[in-house]
Amino acid sequence: SVATLARPVALCATLGTAVAHAQTDLVAWGLQKYDAGDLRDRFTQVAAGVEHSVALRLDGTVACWGHTGQGRCTPPADLTQVVQLAAGSSHSMALRADRTIVCWGDNLYGQAKVPAGLSNATQIAAGVYHSLSLTGDGIVAAWGSNSNGQATVPSALAGVTRICAGAYHSLALKSDTTVAAWGANSAGQCNVPATFNGAREIAAGGSH
């Protein structure tokens, strides 16, 4: 589906698909194996999983399209007041205005099961098979697959302002502008340069 893409305000890409929105119009391109869905609605945010996409409507509800396996494109019917989205390989996450988290889709590794008692969330992120959240006091929580240590948050990590999830690794931007990384490191994706500081934003790919 194609719409005018002037001054894009959000962009998200993963293995095979990309989505962007500008002035609430939505454009999707890349892998066309699955139905792109109806993009004529009005959206404020988008996120791309491996073979599915999720978008946040102006009214706080969620639209999903793509591969429907494992329920990744079936958000809870009563899901409203969403303020942020994240998409993993085959699961999706939504942060609600009350700072609670809702997950749906594949739960083989527990990635769609929000830990009991988790509250005050301000950000979410999804890796291939793991999930992250950030609380208002700068604390990171992680759950799901821990095959490479991606769900083992460093014990001394605090003062976090941003989180991001790669395929099998995790990143955190701290208030002192340094970056912490943990999880898979086969390509050096967790080897943050020792002298690096001054970061303002972070992003993660599959292995970088």
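None of the figures in this text is laboratory data; all of them are computed from the coordinates on show. Because the structure is a prediction, the values reported are computed rather than measured. With ideal geometry, Cβ positions are generated from the backbone for all residues, glycine too; neighbour counts draw on all protein chains shown.
Data overview
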{"read-out": "Net charge dipole size for the range 70-157 [Lys, Arg +1 and Asp, Glu -1 on Cβ; Debye, nearest 20]", "value": "60 debye"}
{"read-out": "In sequence order, calculated HN-Hα J values of the range 131-144 (Karplus, 6.51, -1.76, 1.60; Hz; x Gly/Pro)", "value": "10, 10, 9, 10, 9, x, 9, x, 9, 9, 10, 9, 8, x"}
{"read-out": "FRET efficiency estimate (nearest 0.05) - Cβ-Cβ, Trp29 to Ile139, R0 35 angstrom", "value": "0.40"}
{"read-out": "Part-to-part distance (alpha-carbon centres) for the range 52-83 and the range 86-129, which is given in Å", "value": "12 Å"}
{"read-out": "Full-extension gain in nm, Arg99 to Leu79, via 0.36 nm per residue minus C-alpha separation", "value": "5.9 nm"}
